[in-house]
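The structure appears right after this line, and notes come after that.
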Amino acid sequence: MAGRAPAPRSRPRRGRGRFAVVAARFNEPIVKKLVDGALETFAAAGVGAGAVDLHWVPGSFELPLAAQVLARSRRYAGIACVGCVIKGETPHFDFVAGEAAAGIRAVSLATGIPITFGVITSLTEDQAWARAGGPVGNRGAEAAEAALEMTDFVAAVKNTKGKRR
């Protein structure tokens, strides 16, 4: 996606439940900016610091397993995964980025817990920095915002079971 993520359409009730941020250590200086963006977004939405847990894993490939373990614990309303994969000279980038995305999606669908993809996939380090709080936005903040919005969506649907709209 080029540019910033779209703003949420509404500001439903926020701050309920616990959230997790799972962060990949590979390209850690960039990922730290994503973590900061995610934590700031949760705080701005009224989620207290004590209601957000931060977990570090070796790289983006490991994000899906960590998300699965956390989701299965049923302690979290939503999980934001953040990482950074920069294309090198080999196809390794394609495998890591693709498997991370597919794995995160699969865990979210299997558990019903909103798990969001805040992994930068860029061609250059400059592009990654631009997406870690630079002129193109902060993918960590966007992942946290998506986790909040999807958590509200799931809760709203659960609360309207059997009701007609």
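The values are calculated or read from the model by the stated rules, or taken from the named source; none is laboratory data. Since the model is a prediction, treat every value here as computed from it, not as a measurement. Ideal geometry is used to build each Cβ from the backbone, glycine not excepted, and the neighbour counts take in all protein chains shown.
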Please specify each residue of the stretch 62-96 satisfying the condition of being among the hydrophobic types (A, V, I, L, M, F, W, C) and under 19 Å from K33 (Cα atoms). L63, I79, A80, C81, V82, C84, V85, I86
Could you count how many residues in the stretch 42-94 are in a loop (DSSP other than H, G, I, E, B), over 19 Å from L109 (Cβ atoms) and either touching a Pro at 6+ places or on another chain (Cβ under 8 Å) or in contact (Cβ under 8 Å) with a residue 60 or more places away in the chain (or both)? 2
Does H55 qualify as being surrounded by fewer than 23 Cβ atoms within 10 Å (Cβ to Cβ) and at pLDDT 95 or above? yes
From R72, R14, grab the single residue that is at pLDDT 95 or above and surrounded by fewer than 23 Cβ atoms within 10 Å (Cβ to Cβ). R72
Those residues of the stretch 90-147 which are aromatic (F, W, Y) and either over 9 Å from the mean Cα position of the chain (by Cα) or surrounded by fewer than 18 Cβ atoms within 10 Å (Cβ to Cβ) (or both), in sequence order: F93, F95, W129
Go through the stretch 24-38 and count every residue that is within 17 Å of A67 (Cα to Cα) and part of a helix (DSSP H, G or I). 4
Which pairs do you get when a residue that is closer than 15 Å to Q127 by Cα and in contact (Cβ under 8 Å) with a residue 12 or more places away in the chain, found in the stretch 19-35, comes within reach of a residue that is charged (D, E, K, R) and surrounded by 20 or more Cβ atoms within 10 Å (Cβ to Cβ), reach meaning Cβ atoms under 7 angstrom, with the pair 6+ apart or on two chains? L34/R139
Test: residue in the stretch 140-162 that is over 22 Å from P29 (Cβ atoms), among the basic types (K, R) and modelled with pLDDT under 95: yes
